[in-house]
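So the structure is just underneath, and the comments pick up after that.
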Amino acid sequence: MNTIILNGSPKGNSKNSNSKIFAEEFVRNMKNPCEIRCIANTNPKELARYIEDFDTIIIILPLYIHAMPGIVMKFIENIEPTTTKDKYIGFIIQAGFLETEQEKFVEAYFADLAKQLNYNYLGTVSKGQAAGTYMYPKMFKKVFKLLNDLGSAYEETHSFDKDIVKRLGQPYEISKFMLRILNLVDKVGLNNTLWHKELKKNNAFDKRLDKPFL
Ligand SMILES: Cc1cc2nc3c(=O)[nH]c(=O)nc-3n(C[C@H](O)[C@H](O)[C@H](O)COP(=O)(O)O)c2cc1C
């Protein structure tokens, strides 16, 4: 099986792209690492033609406003349905929110898309709480190990290991206890610390409550 990995982040090959990091960790322990390409800054028609030489496509993407990036949508619209039975497609979503339940709508779309394209569906792996990956890589060692194992297992079995997928997908929902903690963190303002630092760095802190469209 020859597989191509597509990085669906609009940040493309930037070292700040968490999708890029996820893709690199996925192939890290493979005996024959898959090719990785970016969807950003690529002609979607040409890329759709290029992937026709591969049996399997795995798209690794972030969520932006609960949805896939527009460049991923545009690329998908250029994939031609296949008439063969041996094409496969799978997805790895990484996103900022803690709970992976929010991914269920995109996942349902991906499952349906595979049917429409006549591709076999490998499934969708979801990982929440991933926004800080490029900023704090040391805190993501366990996640990287899971991704390394997911990649090696994929190379051997041509499928996503169910146990690893389950572990990456935790928590699916926010527990009542966690919700209480989050509410407290919100009241104290701790959740804004990093965001406010960014605003100050960009001289935008005083404008944070502006409503330019009103
Ligand atoms: C404008 C914007 C919108 C975002 N919307 C969501 C969202 O709806 N849900 C979520 O879980 N994370 C959201 N995130 C966080 C990204 O999914 C997260 O930072 C991801 O790791 C970015 O991946 P990338 O670096 O590969 O682009 C958003 C981030 C930005 C900047």
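The values are calculated or read from the model by the stated rules, or taken from the named source; none is laboratory data. Model, not experiment: these values are computed from the prediction. Counting neighbours? That spans all protein chains shown, and the Cβs are built from the backbone with ideal geometry, glycine included.
Go through the residues of the stretch 43-62 one by one and say whether even a single one is of a type in the set (Phe, Trp, Tyr) and within 15 Å of the ligand (Cβ to nearest atom).
Checked the stretch 43-62: no residue is of a type in the set (Phe, Trp, Tyr) and within 15 Å of the ligand (Cβ to nearest atom).
Which residue pairs have Cβ atoms under 7 Å apart, sit 6 or more places apart or on different chains, and have a first residue in the stretch 3-19 that is within 14 Å of Leu47 (Cα to Cα) and a second that is part of a loop (DSSP other than H, G, I, E, B) and within 7 Å of the ligand (Cβ to nearest atom)?
Sorted first by the residue in the stretch 3-19, then by its partner, the pairs are Asn7/Ser17.
Say whether the condition of being assigned to a helix (DSSP H, G or I), of a type outside the set (Gly, Ala, Ser) and either touching a helix residue (DSSP H, G or I) at 6+ places or on another chain (Cβ under 8 Å) or within 16 Å of the ligand (Cβ to nearest atom) (or both) is met by at least one residue in the stretch 76-91.
Yes, there is a match, as at least one residue in the stretch 76-91 is assigned to a helix (DSSP H, G or I), of a type outside the set (Gly, Ala, Ser) and either touching a helix residue (DSSP H, G or I) at 6+ places or on another chain (Cβ under 8 Å) or within 16 Å of the ligand (Cβ to nearest atom) (or both).
Going by the conditions given, is Glu156 assigned to a helix (DSSP H, G or I), in the same structural domain as Glu24 (by TED's automatic domain parsing) and buried (at least 17 other Cβ atoms within 10 Å of the Cβ)?
Considered against the rule, which asks whether it is assigned to a helix (DSSP H, G or I), in the same structural domain as Glu24 (by TED's automatic domain parsing) and buried (at least 17 other Cβ atoms within 10 Å of the Cβ), Glu156 comes out as no.
Give the stretch 12-35 a look and list any residue that's within 16 Å of the ligand (Cβ to nearest atom), in contact with a Ser or Thr (Cβ under 7 Å, 6 or more places away or on another chain) and not in a helix (DSSP H, G or I), or say none.
Result: Ser17, single match.
Which of the residues belonging to the stretch 112-139 are part of a helix (DSSP H, G or I) and either under 17 Å from Tyr172 (Cβ atoms) or in contact (Cβ under 8 Å) with a residue 40 or more places away in the chain (or both)?
Result: Pro137, single match.
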